[in-house]
Amino acid sequence: MIVVQLDVMLARRKMRSKELAERIGFTEANISLLKSGKVKGVRFETLEKICEVLQCQPGDLLEYKPE
Amino acid sequence: MSDSAAVIFNPNLSPSFERARTLCRITAVLFTLGFLVMLSTALSAVVFVFFPQTPSGVPFGIGLPNGFGANFGAVRGWPAMGTMAAVELMTIPTVLVLHHMRKLFSCFAKGEVFAAQPIAHIRWAGWWMTSSFFTGIAAVYLLVLCGQKQGLLSVIHFPNSLPALALRFEGAIFAGIPIIIAAYVMAEARRIADENASIL
């Protein structure tokens, strides 16, 4: 399964979900859904914006864990 | 990418959509031809400032939309520069509209319809079409200032002739603004569809 590590990166960058939401133009509710992995997919466009704001790579945000 | 590969990547595409893609490819080629013609017109205006006539003395001129025209053989110096600027004001928005239209139909041909890129091309085409309403009117006044008379209304005085000129260019604004709105609606529809599908 794919695990979203957004909360880990947010903690590393000492950034709140609210600030990330504002900077990438999302609602906090959607950031919360993304953090909890309750989404079916993430657009490259969204990944790009998050990576730009958090100064990280897509691999830092997504992790594969065998079930 | 070959057609068979495209079908593999887009398994939901029907044979009728394949026909639509072929039509889109043809349309993209037609828009590319139009784009190249308008681009050459825009570039030739720059050349005509420095070479206003043939070696045998025949003046160069450019026919512009709505029956206007620019005769480079009749002007020298600043009026020639102004005439060139007027031609650019009339042609560059059209060049950009054609550029975005050819890119849009290329996206359609690749099977990208409700995606960010084609929607952006629709929006830009709308913006440039709308701006051509204003640049077209400005270009006519500039042509008058530079002494160009081809295709001009009998008397051009600012602002008295503005309504008549606006009527000549109204097609651009009546098409441009709805296109921008359509792009906005498409972007919102895409966002809502993605949110409903839980794709962020």
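On the given criteria, is B:Val37 open to solvent by 70 Å² or more (accessible area, probe 1.4 Å), outside any strand (DSSP E or B) and without any contact (Cβ under 8 Å) to a residue 60 or more places away in the chain?
yes
Evaluate the following for A:Lys49: is it free of Cβ contacts under 8 Å to residues at least 24 places away in the same chain and of a type outside the set (Phe, Trp, Tyr)? Write out each step before concluding.
Values: free of Cβ contacts under 8 Å to residues at least 24 places away in the same chain: no; of a type outside the set (Phe, Trp, Tyr): yes.
Spelling it out, it is not the case that A:Lys49 is free of Cβ contacts under 8 Å to residues at least 24 places away in the same chain and of a type outside the set (Phe, Trp, Tyr).
Show the residue pairs meeting these rules: Cβ distance below 7 Å; 6+ apart or different chains; first residue within the stretch B:185-200 and more than 8 Å from chain A (Cβ to nearest Cβ); second residue part of a helix (DSSP H, G or I) and open to solvent by less than 60 Å² (accessible area, probe 1.4 Å).
Correct list of pairs: B:Met186/B:Ile119; B:Met186/B:Ile122; B:Ala187/B:Ile119; B:Arg190/B:Ile119.
In contact with a Lys or Arg (Cβ under 8 Å, 6 or more places away or on another chain), open to solvent by less than 50 Å² (accessible area, probe 1.4 Å), in a helix (DSSP H, G or I) and modelled with pLDDT of 95 or more, is that true of B:Phe31?
It is false that B:Phe31 is in contact with a Lys or Arg (Cβ under 8 Å, 6 or more places away or on another chain), open to solvent by less than 50 Å² (accessible area, probe 1.4 Å), in a helix (DSSP H, G or I) and modelled with pLDDT of 95 or more.
Whether any residue in the stretch B:137-144 is open to solvent by less than 30 Å² (accessible area, probe 1.4 Å), part of a helix (DSSP H, G or I), touching a strand residue (DSSP E or B) at 6+ places or on another chain (Cβ under 7 Å) and farther than 28 Å from B:Pro15 by Cα is what I want to check.
The answer is yes, given that some residue of the stretch B:137-144 is open to solvent by less than 30 Å² (accessible area, probe 1.4 Å), part of a helix (DSSP H, G or I), touching a strand residue (DSSP E or B) at 6+ places or on another chain (Cβ under 7 Å) and farther than 28 Å from B:Pro15 by Cα.
Do we have A:Lys35 as more than 10 Å from chain B (Cβ to nearest Cβ), among the basic types (Lys, Arg) and surrounded by 15 or more Cβ atoms within 10 Å (Cβ to Cβ) here?
On the way: more than 10 Å from chain B (Cβ to nearest Cβ): yes; among the basic types (Lys, Arg): yes; surrounded by 15 or more Cβ atoms within 10 Å (Cβ to Cβ): yes.
Here the answer is yes, as A:Lys35 does meet what is asked.
Quick check: is even one residue across the stretch B:96-113 within 14 Å of chain A (Cβ to nearest Cβ) and not in a helix (DSSP H, G or I)?
yes
The values are calculated or read from the model by the stated rules, or taken from the named source; none is laboratory data. Owing to the predicted nature of the structure, the values given are computational and were not obtained by experimental measurement. Virtual Cβ from ideal backbone geometry, glycine too; neighbours counted across all protein chains shown. Ligands, DNA and RNA are excluded from the accessible area calculation, which covers all protein heavy atoms including side chains. Shrake-Rupley method; radii C 1.70, N 1.55, O 1.52, S 1.80 Å.
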